[in-house]
Each structure stands twice: as C-alpha cells, then as structure tokens.
Amino acid sequence: MENANISDIEIVKGKKGRFEPAPPAEVTVEAKKKVLFVASEAAPFISTGGLAEVIGSLSKALARSDTFDVRVILPLYLDIRKEYRKDFRYLGNLYVPLAWRNQYCGIFEYKADGVTYYFADNEYYFKRPGCYGYYDDGERFAFFSRAVMEIMGFLGFYPDILHCHDWQAALAAIYLKTIYCLRPEYQHIRAVFTIHNIEYQGQYSLDILEDLFGLPQRVKNLVEYDNCINLMKGAIECSEAVTTVSPSYAEEIKQPFFAHGLDPIVRRNAFKLTGILNGIDPDFYDPAQDSSLFANYTAGHPENKAVCKAELQKMFGLPQKPDTPVVAMVSRLVAGKGLDLVKECIEQALKEDMQFIVLGTGESAYENYFTDLANRYQGKVVAVISFNSDLSRKIYSGADLFLMPSRSEPCGLAQMIASRYGAVALVRETGGLKDSIAPYGAGGNGFTFRDYNAGDLFYVIREALSLYRTDKKAWKKLVKKAMETDFTWSTSSGYYEELYLGLVK
Ligand code: GLC
C-alpha cells in the first residue's frame, strides 16, 4: 500500500529516536491538527453551485493558516474535470462494507494549494453524468460516507476533525459516531456538520435503515424524524458541533418558516450551533485579473467597467447607452429566489429607463416567464436560460445593479461576487444576504428591503435607480464601497479555526 503520509511521519519519528534534529517542515506536518472535509462537490473539480465553491475556497483558506493539515474527500464522478483528473495519483483500492454489500472503492489523490484531495471511485455509483438526481442517491451517498470511514483506515489518516457538509455527507458523521466509534483509532475524531441549505435533508423510508444504510436498529432514534429516516437530523444529533453558513440563518432555522420541518431539532441542538458567514476566493473572483471580462478594472481604477458594460450591451443586442442602468440577476430560477416578487413588479420597473438581464436555469415556469418577458421587451430585457460561468462574470462586470430578493438564503455568494465586480447588490434582508449587504441609507454597501413583498422590492429598485440617475458621484462612491467590502475568508476561516481548536482541546 502506498502511503506517503504515514511514511513521512515515521521518518520524522525515526530521526527523533536517534537524537537527530528533525527537519522543521516535517515536524510542522506532524504538529498540525488534521481536518477532513467530506462533501459531495468541490471547486474546481466539480460544481453545481455554492457548496462546491465553499468547499474549494474554505479548505484553501484553512490550509494557508499552517495550523491545519486540510484534506477533502469527494466521489469520483464521471464529470470531474479532465484537466485535473489526468494528474490524479492512484493510491490503491479496498472493499467497503455496506449492509449486505461489499463494494469496490478505488482511491485517488491530488494535491493543490496546500490541500490534499481524495476521490473515492466506484463506477457503478458515480460513473454517471452530473452529481445528483438519481433514484439511488441515498445508496450512492451512503456508499460514499461509508467509504470515507474505510479510507481513513487505509490511509492511516484519522483526522482530529471530520467536517461533513450537507445531507450527502451526513452519514459520515452518523457512521463515525454509531459504528466506527467502537474502534480506538476513531474515538478522538470530532464531527462537525455544516448545513448549507436546510431544505434538502436526505429523507428516506425507515424500511431501508438496515438493508440499505447498514445502520443497526439501536440507532433508529437518532436518525428517525417524522416517521422517516432524516439524514440531516441524524448528523445534527451525532456531531459535536453544527454550523451553518451565516449568523442570521443560524437564528432563522430555529423558526418553522425557514426550517422545512427541522426547527424543533435545531432548537434542541442550538447549544452547539454557530453561524459563520461564507467567503469567496478573491483570486478566483478578481475583476483586475479575470480573463472572462471584456476589460479589467479595480476599485481604485474602475474606468474599464464602462467598457464591460458597453460590450455586454452590444453582445446582447441592447442599445449601448452608458447612462441607462443595467439591472441583472444570475440565479437558479426557483421559487426560493424571490422570483414571484420580481414577476409582480418588474414590468412596473421597466417603465423606467433601465435594461434587465437574467441568466439562469431552473423551474420551467420561470424559464418560460423570463423568455416571454424578453420577447415582449426586446432591446430592454434579455433572458439567457443556461448556466455559464464565463457569461456570469461578463454580466457581473457589466451590470450596475444586481437583484437577489430571496425568500430565504442560507448565505448566497452571488451578492458578494456582484459587489466585488462593482454591481451594487439589492437584496432581501434574510440569512447571509442580511449579513453581507447593508442598506445604502445607513451608510452600507448596497440596497436592502425587509418584508417579503413585491411592493417593498419595487420601492427599493426605484430608490436605487433614482440614486443612479440623479447623483452620479454618490453612485460611484457606492460602487467603490461595494467593491472594497471584504468578502474574503480572512475573518470567517478564523472562526472555523477557533471552533476546531475548541473541539480538540
Ligand atoms: C447553498 C445555499 C447558499 C450558500 C451555499 C454555500 O447553496 O443555498 O445560500 O451560499 O450553499 O454555503
């Protein structure tokens, strides 16, 4: 078995035994606290949204601090990007016991930016397009979670912190605390569970507890909720700490309106719940360097943002008017994103001098609605029903105002990216939107409204458009403020460090 990590540590110990001074770098490796992220996606390998970005950027930020040996484990999906895959190193394979099954699992490794990534390979479960949406997703992620437990033994890597993200990784925390905790090597491991979105809980029929998830009847109470298996509930109960992705959302999910049925469980576990605001990777989202943009610019020298706007208008066949505000949305087109409010007030808003660009995919009712709106308001409204990262960056850089009126938003990253590219964010005060965007009237970096209704959204759109039109100097100042807001991980990764160190003390 190839195992770079173990042999490194043995070499250091051997040298110590012979009273030879150990090289400082290797001593540091041994002294570092070990963190293993378990997640179903991570940028840059595979991404369907915010979860992947957070796994990619938070692990990098933590690794930079030198306190932690950070590793991430993911399923080896078919769609893992080829340019990375070709450099994966095969470490070996093992068989994963899952109820009555014994399934092959190959293990690959890749290192970048101080983070070690592992990929669990099983073609039956993961050689399929995309990440989710299969009838056997429960079994696929049960296999993955159970493989994580076995791979730790294979690598001889027993982390101090096992940090599991969302329901797909919930079973890793559950297996750890109900089955593997009986083995001495696993007993010191502390489990942290992060809720990125409480809407998706991993709910299954109780019949498959033993047969599919391989969980003994004695743990039924831990994972049972509302007469079903609820994997998120199980992970909340099992983990020593639970986090979610903004302080406001941590409060909100104690209430029925936001918790999708789990509020009693959240309230009961509130003593171990913290909300830590996500960050974005400032190098990845940098208008000064982004090669997707028509031109680059900075907060200090934003002149080229006008070029980005003119080129964007040209690309979409909109009149190239520098003084007409471009209002944009880049969003999944689903109800939770506040699209019913947009629907109710956008035509009223379109009576003003503005252009409106929507990019996203989602529910067909919304896709059709925006396509129809664009047909009816040609030269004023553009709807691109697809998702394309390159195009999204062109939109962020060319837009003046960015709408995000979500009904609920655990954190949201688009408002941060938009702000960094100088598109002033207009958000509803909920979850991470409330924690990252403060109202202009109170000296903040964007526009906000509180109550979920179309009248309030319309009012604040008009407020923003009126400032844009009537006070160019104030608008420029606001753009600068938005661009200069610190959305990096610098503060938030410190909170995770504190949490981890508190748990392993
Ligand atoms: C989920 C949430 C989103 C959050 C992201 C990363 O996608 O819906 O608000 O930003 O996870 O934590």
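Inspect region 402-417 for any residue being on the phi < 0 side of the Ramachandran plot, more than 15 Å from the ligand (Cβ to nearest atom), more than 21 Å from the chain's Cα centre (by Cα) and at pLDDT 95 or above and give the result as yes or no.
No, every residue in region 402-417 fails to be on the phi < 0 side of the Ramachandran plot, more than 15 Å from the ligand (Cβ to nearest atom), more than 21 Å from the chain's Cα centre (by Cα) and at pLDDT 95 or above.
Of all residues in region 189-221 being without any contact (Cβ under 8 Å) to a residue 60 or more places away in the chain and in a loop (DSSP other than H, G, I, E, B), which is farthest from the ligand (Cβ to nearest atom)?
The qualifying residue farthest from the ligand (Cβ to nearest atom) is Pro216.
Regarding region 379-390, can at least one residue be identified that is assigned to a loop (DSSP other than H, G, I, E, B) and closer than 18 Å to Phe258 by Cβ?
Checked against the condition, which is being assigned to a loop (DSSP other than H, G, I, E, B) and closer than 18 Å to Phe258 by Cβ, region 379-390 yields no hits at all.
Which of the residues spanning region 44-64 are part of a loop (DSSP other than H, G, I, E, B) and either farther than 20 Å from Ser331 by Cβ or touching a residue at least 24 places away in the same chain (Cβ under 8 Å) (or both)?
If the condition is that a residue be part of a loop (DSSP other than H, G, I, E, B) and either farther than 20 Å from Ser331 by Cβ or touching a residue at least 24 places away in the same chain (Cβ under 8 Å) (or both), then Pro44, Phe45, Thr48, Gly49 are the ones that fit.
For residues that are under 24 Å from the mean Cα position of the chain (by Cα) and either within 16 Å of the ligand (Cβ to nearest atom) or more than 14 Å from Ala259 (Cα to Cα) (or both), tally how many sit in region 222-247.
Qualifying residue count for the region: 15.
For region 275-303, which positions are over 30 Å from Glu252 (Cα atoms), touching a helix residue (DSSP H, G or I) at 6+ places or on another chain (Cβ under 9 Å) and not in a loop (DSSP other than H, G, I, E, B)?
The one that is over 30 Å from Glu252 (Cα atoms), touching a helix residue (DSSP H, G or I) at 6+ places or on another chain (Cβ under 9 Å) and not in a loop (DSSP other than H, G, I, E, B): Pro302.
Under the condition of being more than 21 Å from the chain's Cα centre (by Cα) and assigned to a helix (DSSP H, G or I), which residue from region 248-261 is farthest from the ligand (Cβ to nearest atom)?
Ranking the candidates gives Pro256 first.
Just one of Ser389, Ser397 is at pLDDT 95 or above, hydroxyl-bearing (Ser, Thr, Tyr) and within 24 Å of the chain's Cα centre (by Cα); which is it?
Within the list Ser389, Ser397, the selection yields Ser397.
Over 30 Å from Thr194 (Cβ atoms) and of a type in the set (A, V, I, L, M) - does that describe any residue in region 270-277? Talk me through it step by step, then tell me what you get.
To start, the set of residues in region 270-277 that are over 30 Å from Thr194 (Cβ atoms) comprises none.
So far as region 270-277 goes, no, none of its residues is over 30 Å from Thr194 (Cβ atoms) and of a type in the set (A, V, I, L, M).
Residue-by-condition table, conditions (1) within 16 Å of the ligand (Cβ to nearest atom); (2) aliphatic (A, V, I, L, M); (3) over 18 Å from Gly336 (Cβ atoms):
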{"residue": "Ala425", "(1), (2), (3)": "yes, yes, no"}
{"residue": "Lys434", "(1), (2), (3)": "yes, no, no"}
{"residue": "Pro439", "(1), (2), (3)": "no, no, yes"}
{"residue": "Ile461", "(1), (2), (3)": "no, yes, yes"}
{"residue": "Leu465", "(1), (2), (3)": "no, yes, yes"}
{"residue": "Lys476", "(1), (2), (3)": "no, no, yes"}
{"residue": "Asp486", "(1), (2), (3)": "no, no, yes"}
{"residue": "Ser493", "(1), (2), (3)": "yes, no, yes"}
{"residue": "Glu498", "(1), (2), (3)": "no, no, yes"}
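Given the options Leu98, Leu58, Leu94, Leu78, name the one that is of a type in the set (A, V, I, L, M) and surrounded by fewer than 15 Cβ atoms within 10 Å (Cβ to Cβ).
On the way: Leu98 fails: surrounded by fewer than 15 Cβ atoms within 10 Å (Cβ to Cβ); Leu58 fails: surrounded by fewer than 15 Cβ atoms within 10 Å (Cβ to Cβ); Leu94 fails: surrounded by fewer than 15 Cβ atoms within 10 Å (Cβ to Cβ).
Result of the check over Leu98, Leu58, Leu94, Leu78: Leu78.
So Cys238 ticks every box in (1) under 30 Å from Lys33 (Cα atoms); (2) of a type outside the set (A, V, I, L, M); (3) touching a Leu at 6+ places or on another chain (Cβ under 6 Å) but one. Which box is left unticked?
Condition not satisfied by Cys238: (3).
The values are calculated or read from the model by the stated rules, or taken from the named source; none is laboratory data. Here the structure is a predicted model, which is why all the values come from computation and not from measurement. Neighbour counts are summed over all protein chains in view; Cβ atoms, including those assigned to glycine, are modelled from backbone coordinates with ideal geometry.
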